[in-house]
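Structure, as structure tokens:
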Amino acid sequence: MHKKVLSEIDLHYGTIDMPKGFEIDRDKLKSDILSSQIKNSKFPYSRNWDMLNTYMREHINVEHGFTLINKETWGNVYKPKEVSIPLLNIDPVDLRNSPDYTFLYGVNVKDCSVRIHYDQNRRAGRSWDIPLENNGFIMFPSTQMYYITNNQTDSLNFILTTTYEFI
Amino acid sequence: MAHFAKIGMNGKVIGVLTFGNGDMLNADGVEDESVGQQYLERHNNWPAPMWIQTSYNTRNNTHSSGDNSKALRGNYAGIGYEWDEDNNIFWPKKPYASWVKNTTTASWDSPIGDAPALTAEQESQNTAGTHKWYYVWNEAGQSWDVRDEKA
């Protein structure tokens, strides 16, 4: 008896484990998120963003054998007790130009969780909750809808999102 | 060209970069690995000691020029290779769980050694094209099994 998986919803998560002295400066990313939100401008390229992006692309390649290509990057700020609108990073009528993966990075977060919705054959409408921590990441297929929740009452949550294609 | 492997936190090679030899010359104009490491740290935001020079022309501890004194660190590093600091060798992925490191040839050996040679009859059948005999490792039986691709 044989089995072949034709499609899968792969969820990658963990922390960005950089060498000592080369850690991601999350304060810099936080200020970049704020500045891009205030100016309503694109998230700026920076050394820290490049380190984060390079880390993900290289480690996904080594561990899972596929190459990620950047599509877009932006930052979001979530207020205390805020629940995001349903988020979906593909355009259902333009799948050709849509990304394959959504990568979320905890820049400065406290009691933050991500709910990813998925279908399992006829069992539709299932969801999976996963906490997002400081310097932690979650990556999943962009075809999955998700929500971000700030569960606490006293601070803002800063999250960086990058979308990728894979080859 | 100089080739350097980028080593991840778990000792695996996560990338290999190439740059001009002129960027790794010391004050005396001599190629120096530590100069190359500093150059890569400066331009790639990854610590100098985690860049290890590797030789494009080295495979299984032999150098393609025939002069094995030029062989460097066992094998040309590839993504996913393991950096073995103790033996100063880049190891490819272990092919079978039972295989062991041969630090002389910088390659993995089966626990019972190399596959036996084909018999004269098998060789002649291979030459004639009537069969295509070869040995394949049987991990469950810990043996070399002979197979005929044309069977």
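The values are calculated or read from the model by the stated rules, or taken from the named source; none is laboratory data. Note that this is a predicted model, so its numbers are computed, not measured. Backbone-built Cβ (ideal geometry, glycine too); neighbour counts: all protein chains shown. Heavy atoms of the whole protein, side chains included, go into the accessibility calculation; ligands, DNA and RNA do not. Shrake-Rupley method; radii C 1.70, N 1.55, O 1.52, S 1.80 Å.
Annotations
- On Cα atoms only, tilt of A:26-39 relative to the major axis of chain A in degrees: 90
- The angle separating the long axis of helix A:47-64 from the principal Cα axis of greatest extent in chain A is about 20 degrees.
- Counting only Cβ charges, +1 for Lys and Arg and -1 for Asp and Glu, the dipole size of segment B:1-123 around its Cα centre is about 380 debye.
- Accessible heavy-atom area order of B:Ser69, B:Ser107, highest first, probe of 1.4 Å: B:Ser69, B:Ser107
- The smallest convex shape that holds all Cα atoms of segment A:64-143, its convex hull, gives 140 Å³ per residue.
- Sites excluded, GluC sites (Glu not before Pro) in DSSP loops with at most 11 other C-beta within 10 Å, longest stretch of chain B: B:1-84
- Note on chain A: with a GNM built from Cα contacts shorter than 10 Å, the maximum mean-square fluctuation among A:Val83, A:Val107, A:Val62 falls on A:Val62.
- Residue mean of other protein chain beta carbons inside 10 Å, B:47-57: 1
- All distinct Cα pairs of segment B:52-132 go into the 1/r average, and the inverse of that average, the Kirkwood radius, is 14.6 Å.
- Exposed-site-free run, longest, chain B (rule: trypsin sites (Lys or Arg not before Pro); DSSP loop; at most 16 other C-beta within 10 Å): B:1-92
- Which of A:Asn61, B:Tyr134, A:Phe140, positive extreme of dipole for the protein assembly as shown (C-beta unit charges): A:Phe140
- Here is the list for segment A:1-110: GluC sites (Glu not before Pro) lying in DSSP coil, each with at most 16 other C-beta atoms within 10 angstrom of its C-beta, are A:Glu8, A:Glu23, A:Glu82.
- Tail weight of P(r) past 26 Å, computed on alpha-carbon pairs of segment B:1-143, percent: 41
- Chymotrypsin sites (Phe, Trp or Tyr not before Pro) restricted to DSSP loop in segment B:1-110 with at most 13 other C-beta within 10 Å: B:Tyr96
- About the centre of its Cα atoms, segment A:1-135 shows a dipole size close to 280 debye [charges on the beta carbon of Lys, Arg (+1) and Asp, Glu (-1) only; nearest 20 debye].
- Rg and Dmax [Cα atoms of the protein assembly as shown; Å; Rg one decimal, Dmax integer]: 25.4, 82
- Restricting the calculation to alpha carbons of chain A gives Rg and Dmax of 16.2, 59 angstrom.
- Here segment A:26-99 has an Rg and Dmax of 14.9, 39 Å, counting Cα atoms alone.
- Each of A:Thr73, B:Ile89, B:Met50 was scored by the projection of its Cα onto the charge dipole of the protein assembly as shown, and the greatest displacement toward the positive side belongs to A:Thr73; charges sit on the C-beta of Lys, Arg, Asp and Glu.
- Estimated purely from DSSP H runs of n ≥ 4, each contributing -39500 (n - 2.57), the mean residue ellipticity at 222 nm for chain B is -4000 deg cm²/dmol once divided by its residues.
- Per-residue ellipticity at 222 nm computed for chain A from its helices equals -6500 deg cm²/dmol, with DSSP H segments shorter than 4 residues left out and the rest contributing -39,500 (n - 2.57).
- Sequence of A:Ile24, A:Ile9 when ordered by accessible area, the most exposed leading, probe 1.4 angstrom: A:Ile9, A:Ile24
- Summing Cβ point charges (Lys, Arg +1; Asp, Glu -1) relative to the Cα centre of segment B:82-151 gives a dipole of roughly 220 debye.
- Accessible surface of chain B, 1.4 Å probe, proportion on carbon and sulfur as whole %: 48
- GNM result for chain B, Cα springs below 10 Å: residue of B:Ser124, B:Ser34, B:Ser55 fluctuating most strongly: B:Ser124
- Its residue count N fixes a reference of 2.2 N^0.38 Å for segment B:94-135, and the Cα radius of gyration divided by that reference is 1.56.
- Accessible-area ranking of B:Met50, A:Met139, largest first, probe 1.4 Å: B:Met50, A:Met139
- Cα-Cα over 20 Å, subset of A:Lys28/A:Lys110; A:Lys42/A:Lys110; A:Lys28/B:Lys12; B:Lys101/B:Lys132; A:Lys4/B:Lys132: A:Lys42/A:Lys110; A:Lys28/B:Lys12; B:Lys101/B:Lys132; A:Lys4/B:Lys132
- DSSP loop trypsin sites (Lys or Arg not before Pro) with at most 13 other Cβ within 10 Å: longest gap in chain A: A:123-167
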